[in-house]
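Undergrad: Provided herewith is a single structure, encoded as structure tokens, for subsequent inquiry.
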Amino acid sequence: MSEQVKYLLDESKLPRAWYNVNADMPVPPAPVLHPGTMEPVTPDFLSVLFPMALIAQEVSAERYIEIPEPVRDIYRLWRPTPFYRARGLEKALDTPAHIYYKYEGVSPVGSHKPNTAVAQAYYNKISGTEALTTETGAGQWGSALAMACSFFDMALEVYMVKVSYEQKPYRRIMMESFGAEVFASPTERTEYGRALRAEHPDSPGSLGIAISEAVEAAATSGGRKKYSLGSVLNHVLLHQTVIGEETLLQLEMAGEYPDIVVGCTGGGSNFGGIAFSFLRENLLNGKQTRLIAAEPAASPSLTRGRYTFDYGDTARMAPVVKMHTLGHTFVPPGIHAGGLRYHGMSPQISALVDAGYIEARAVRQLQTFRDGLTFLRSEGIIPAPESTHAIAVAMDEARVCRESGEKKVIVFNLSGHGHFDMTAYDAYLKGRLQDYAYPQEEIEAAMRDLPQVAMAAD
Ligand SMILES: Cc1ncc(COP(=O)(O)O)c(C=O)c1O
């Protein structure tokens, strides 16, 4: 093979369908429960928050779901995304491994998040929703949905975790430029926000709190507004599978097939997006790719959380699902990978990790920045702090190959660029960052607040 670096697909190769892993799940799904009654939810309850088309996708068992043409039209602005052979990184590591990465940072807002934002805005628009509400941490998800809503001419309210609102103004300004309204959460706009501020006037906010506010704003709007979530749910992971479907075609162009596929996990959407297509090949076509989810040691839901039923938000308004969780009262430490600071995890990925189909690994913050800089200096792209977790695990596997002499093929998802995260790199370069592993006592304390669910025998 030549020294080819980029594998580019023509627009005509843009996938026509998302892959629905529900069709091939080797373990049955656990029911989704109502946060008040702990009984399985009805579509009626969910329809307060989501349009019917997305609820149907959440539970669909069809293997392929057609991507609507208006969504494909918008995908074409940046998709298919490029697939790279990381020749510079291979040289820097002196490894016989072949390292490849799929680059989702070429989307207009800089990450994989628009793959689902555009789809969710579309289904809401055609079902008559007037406005969407959502939360955002560091702002990648909020800016993706702000772009999608501007394309479909819908209003958007974003509840942005207060500490990020104050420290990261550029993402807020990007959302506002697209026409979204952005509020520092906790706000005075919701009952939950007001109660919380009365008790803790200086609360810096959290993703769990912002989710509660966005859910309340939609649930009390008399049907005019719906809620949109950027990760965790089945339909979100479904929309992200466009990544894995393209990657399979690009590997074919390179004449290779991966031994290992890696993605970072906050709520699981970019990892599911790249990994599920390879899981399908493992389950149906006898392939044996190892699938590795990379998470922060500071927010280790898959490696140290419990696989049980828990609320999706802090105020206990969101549905209760079975997942790996650190407890909905989890207070995230101030690590710089803002998009990975969530207490729970996708129920699909949780079930697959529990049953041994997916591996999970926790990485410490200093390693992620060190390896992220090695990647930058050999490949030229500043990775998002979230994506550096995938880089670190891929590099560890390539180092193993250096020791063993094996020529494994390693693929990872570079979920976004870090152009708005330079203060984090500055802190690392100035020696101000520290490693932090979440304390066991805190995990055990949070487990005491889990909901009591009769069927949560785990
Ligand atoms: C660049 C990037 N990668 C990864 C994530 C983690 O989310 P998920 O696990 O849903 O892919 C985020 C979340 O905000 C993100 O912005």
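Where a number appears in this text, it was derived from the coordinates with a stated rule and is not lab data. The structure presented is a predicted model; accordingly, all values stated were derived computationally and were not measured. Cβ: placed from backbone, ideal geometry, glycine included. Neighbour counts: every protein chain shown.
Undergrad: Over region 114-229, what portion of Cα pair distances is larger than 21 Å, expressed as a whole percent? Could you put the intermediate results ahead of the total?
TA: Details: 2025 of 6670 pairs.
Of the Cα pairs, 30 percent sit more than 21 Å apart.
Undergrad: Considering Cα pairs under 8 angstrom that are at least six residues apart, work out the relative contact order of region 114-229 and quote it in whole percent. Present the calculation step by step, with values, prior to reporting the outcome.
TA: Numbers: 215 pairs, mean separation 36.1, N = 116.
That works out to 31 percent.
Undergrad: If you average the sequence gap of Cα pairs under 8 Å that are 6 or more apart and divide by the length of the chain, what percent do you get for the contact order?
TA: On the way: 988 pairs, mean separation 87.5, N = 458.
Dividing the mean separation by the residue count of the chain yields 19 percent.
Undergrad: Starting from the Kirkwood Rh over alpha-carbon pairs, what translational D in µm² s⁻¹ does region 1-118 have by Stokes-Einstein at 25 °C and 0.890 mPa s? All intermediate terms of the calculation are to be shown ahead of the outcome.
TA: Working: Rh = 17.9 Å.
D = 137 µm²/s.
Undergrad: Taking the 0 to 90 degree range and rounding to the nearest ten, how far is the long axis of helix 207-219 tilted relative to the main principal axis of the chain, both from C-alpha atoms?
TA: Tilt relative to the chain: about 50 degrees.
Undergrad: Measuring from label point to label point, each 7 Å out along Cα→Cβ, what is the Leu429 to Glu66 span in nm?
TA: Label at Leu429, label at Glu66, 5.1 nm between them.
Undergrad: Dividing the convex hull volume of the Cα atoms of region 322-414 by its residue count, what figure in Å³ per residue is obtained? Walk me through the intermediate numbers first.
TA: Details: hull volume 10.9 nm³, N = 93.
With only Cα atoms used, region 322-414 gives 117 Å³ per residue.
Undergrad: Local charge sum around Glu191 (other residues, Cβ-Cβ under 15 Å, Lys/Arg +1, Asp/Glu -1)? Display every interim value, and only then the final one.
TA: On the way: positive: Arg189, Arg194, Arg197, Arg316; negative: Glu188, Glu199, Glu213, Glu216, Asp313.
Around Glu191, the surrounding residues sum to -1.
Undergrad: If I model a spin label as a point 7 Å beyond the Cα along the Cα-Cβ vector, how far apart are those points for Asp354 and Leu77 in nm?
TA: So the label points at Asp354 and Leu77 sit 3.8 nm apart.
Undergrad: List, in order, the whole-Hz ³J(HN,Hα) value for each residue of region 119-131 obtained from phi through the Karplus relation with A = 6.51, B = -1.76, C = 1.60 and θ = phi - 60°; use x for Gly and Pro.
TA: 5, 5, 5, 4, 5, 5, 4, 6, 9, x, 4, 8, 8
Undergrad: Let me ask you something else. Over the C-alpha atoms of region 63-147, what are the Rg and the largest Cα-to-Cα span, Dmax, in Å?
TA: Here Rg and the maximum Cα pair distance are 16.9, 56 Å.
Undergrad: Please report, in Å, the Rg and the Dmax of the chain, where both are computed over Cα atoms only.
TA: Cα radius of gyration and Dmax of the chain are 20.6, 65 Å respectively.
Undergrad: Name the residue from Tyr192, Ser269, Thr42 whose Cα lies farthest towards the positive end of the charge dipole of the chain, charges +1 on Cβ of Lys and Arg and -1 on Cβ of Asp and Glu.
TA: Ser269
Undergrad: In whole Å, what is the distance between the alpha-carbon centres of region 409-445 and region 276-341?
TA: Value for the Cα centre distance between the two parts: 16 Å.
Undergrad: Can you work out the Karplus-derived ³J(HN,Hα) for every residue in region 91-107? Use 6.51 cos²θ - 1.76 cosθ + 1.60 with θ = phi - 60°, whole Hz, and x for glycine or proline.
TA: 5, 4, 8, 6, 10, x, 5, 9, 10, 10, 9, 9, 9, 8, x, 7, 5
Undergrad: Can you compute the modelled spin-label distance between Glu3 and Arg290, with each label point 7 Å from Cα toward Cβ, in nm?
TA: 3.0
Undergrad: Moving to a separate point now. Tell me the angle of helix 140-151 to the major Cα principal axis of the chain, expressed in degrees between 0 and 90 and rounded to the nearest ten.
TA: Rounded to the nearest ten degrees, it is 80.
Undergrad: Return the FRET efficiency for the residue pair Glu130, Ser404: r is the Cβ-Cβ distance, R0 is 41 Å, and the value is rounded to the nearest 0.05. Could the numbers behind the result be given before it?
TA: Values: r = 58 Å, r/R0 = 1.41.
Rounded to the nearest 0.05, the efficiency is 0.10.
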